[in-house]
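Asker: Right, I'll just put the structure down here and ask away after.
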Ligand SMILES: *Cc1c(COP(=O)(O)O)cnc(C)c1O
């Protein structure tokens, strides 16, 4: 492909993407198709092409298929899971990054890219009020960022022995203490780190789903009595279900007193530390030995971009560095291969860096604050709606459920609760099918709740105010069907 052809194809594609972005609000959030329909469109079972094809046709088809058969998390009424609307500058950054194709494993292979990554990490630390001389790198997302913290903690607890001899010989007595609300990455980390998931001790939470410091202290004492070595305490800087922020300051003091590594999972909520009116504990991230954040959530970076920060940078090298004879990378510069699990690495930092430059600290403060304000509004609108019951509000997550008038008097009775759980589950599926709005769910105290999580700079107050009415309308239909089919 020569330069002229590339230019013409590229211009055409960029035009189509711009139209797609402008037209997002008019599209359904999802086409509501099942796997069979999507596979049929793709021609999923076609064999590998023997011969090549013209790039015009390939680009045209791929763009059409993706625009028409995708879930659009950039849609203003997408409030599901914790998946953000992607910033357009990040899309252009990915194109540029792929063009230069820097290999961010080693400085010599990516001089400017490596330095941009280092600056990005420093800026992220600044945004979080974390020490700017911390070690850190970009990874694929929150799972990997948390795992980097996990591996650094594991090496800090068991040294080189666990790296050379494995957890069975050098780490059999290690355990991890985590809030019961911790995201499931901790299962994968305990499993892949050789400890096994049974080595995770789940620490009780309070009525607001925050880790209880007294329960943590008791659990650490119990570990000591049992002759086990807690290698880390995992706290939430914004839990995935309800946005709960653990009492980080108290937890940090308990960890410091006992010499245990303190890790904060801020994949969702960490960036809310930029707000002056953030939950107070988010302003104490600097007390953590390691923090995971997710630029592809609240920095609106296109997938994928996670970031791991480790206060003592040397701890990352101690967990990851090896020096095989076929590497000639030099020691004076930072080689990312030495401080993370990857070898060859793409240039994820560029899209994060461009976002930080375009919005600045003030821009992110505004956007994150808007998201939290919209979630509060959603909570209050749900609370005010006669057919909805508002449940939790934390950061930019609001939960609520549909309660038909006929069942109102029975709320709290086990049989009625079971009916409400089924009904809200069915309601969620209907909403997903219809494509007007996309919510996900949370289960709190055994109650199946609808959950709106706003990490979306395209959502505005009209979107949020429309949601309770849509939910009630679809809820009535779901309830009518369940009654007529005898399930109600
Ligand atoms: C999203 C999230 C994760 C996982 O992050 P990915 O980017 O999906 O890998 C972990 N912890 C919390 C609190 C999260 O919100």
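The values are calculated or read from the model by the stated rules, or taken from the named source; none is laboratory data. Keep in mind the model is a prediction, meaning the values are calculated, not measured. Every residue, glycine among them, receives a Cβ derived from its backbone with ideal geometry; neighbour counts consider all protein chains shown.
Asker: With respect to residue 477, determine if the residue is surrounded by fewer than 17 Cβ atoms within 10 Å (Cβ to Cβ), touching a residue at least 24 places away in the same chain (Cβ under 8 Å) and assigned to a helix (DSSP H, G or I).
Answerer: Criteria met by residue 477.
Asker: If you don't mind, another one. Which condition number in (1) more than 16 Å from the ligand (Cβ to nearest atom); (2) crowded, with 24+ Cβ neighbours inside 10 Å; (3) part of a loop (DSSP other than H, G, I, E, B) is the one that residue 239 fails?
Answerer: (1)
Asker: Condition test on residue 207, is it more than 14 Å from the ligand (Cβ to nearest atom), in a loop (DSSP other than H, G, I, E, B), farther than 22 Å from residue 162 by Cα and out of contact with any strand residue (DSSP E or B) (no Cβ under 8 Å at 6 or more places or on another chain)?
Answerer: Judged against the criteria, residue 207 is a match.
Asker: Next question. Name every residue in the range 407-465 that is farther than 16 Å from residue 482 by Cα, without any contact (Cβ under 8 Å) to a residue 40 or more places away in the chain and surrounded by 16 or more Cβ atoms within 10 Å (Cβ to Cβ), in order of residue number.
Answerer: 441
Asker: Then there is this: Please verify whether the range 248-257 includes one or more residues that are more than 11 Å from the ligand (Cβ to nearest atom), crowded, with 22+ Cβ neighbours inside 10 Å, at pLDDT 95 or above and more than 24 Å from the chain's Cα centre (by Cα).
Answerer: yes
Asker: Going by the structure shown, is residue 192 more than 16 Å from the ligand (Cβ to nearest atom), in contact (Cβ under 8 Å) with a residue 24 or more places away in the chain and either under 19 Å from residue 148 (Cα atoms) or more than 22 Å from the chain's Cα centre (by Cα) (or both)?
Answerer: no
Asker: Which one of 398, 390 is in a strand (DSSP E or B), touching a residue at least 12 places away in the same chain (Cβ under 8 Å) and either in contact with a helix residue (DSSP H, G or I) (Cβ under 7 Å, 6 or more places away or on another chain) or closer than 20 Å to residue 273 by Cβ (or both)?
Answerer: Step by step, each of 398, 390 is checked, and only 398 is in a strand (DSSP E or B), touching a residue at least 12 places away in the same chain (Cβ under 8 Å) and either in contact with a helix residue (DSSP H, G or I) (Cβ under 7 Å, 6 or more places away or on another chain) or closer than 20 Å to residue 273 by Cβ (or both).
Asker: Shifting gears a bit: For residue 441, are the conditions met, namely being touching a strand residue (DSSP E or B) at 6+ places or on another chain (Cβ under 6 Å), over 27 Å from residue 276 (Cα atoms) and not in a helix (DSSP H, G or I)?
Answerer: Answer is yes for this residue.
Asker: Within the range 172-189, which residues are under 23 Å from the mean Cα position of the chain (by Cα) and either over 30 Å from residue 399 (Cα atoms) or assigned to a loop (DSSP other than H, G, I, E, B) (or both)?
Answerer: 180, 181, 182, 183, 184
Asker: If you don't mind, there's one more thing I want to ask. Restricting to the range 50-80, count the residues that are more than 24 Å from residue 356 (Cβ to Cβ) and within 16 Å of the ligand (Cβ to nearest atom).
Answerer: Matching residues across the range 50-80 total 3.
Asker: Now a separate question. Search the range 257-269 for residues that are farther than 22 Å from residue 219 by Cβ and pair each with any residue that is more than 16 Å from the ligand (Cβ to nearest atom) when their beta-carbon atoms are under 6 Å apart and the residues are at least 6 apart or on different chains.
Answerer: none
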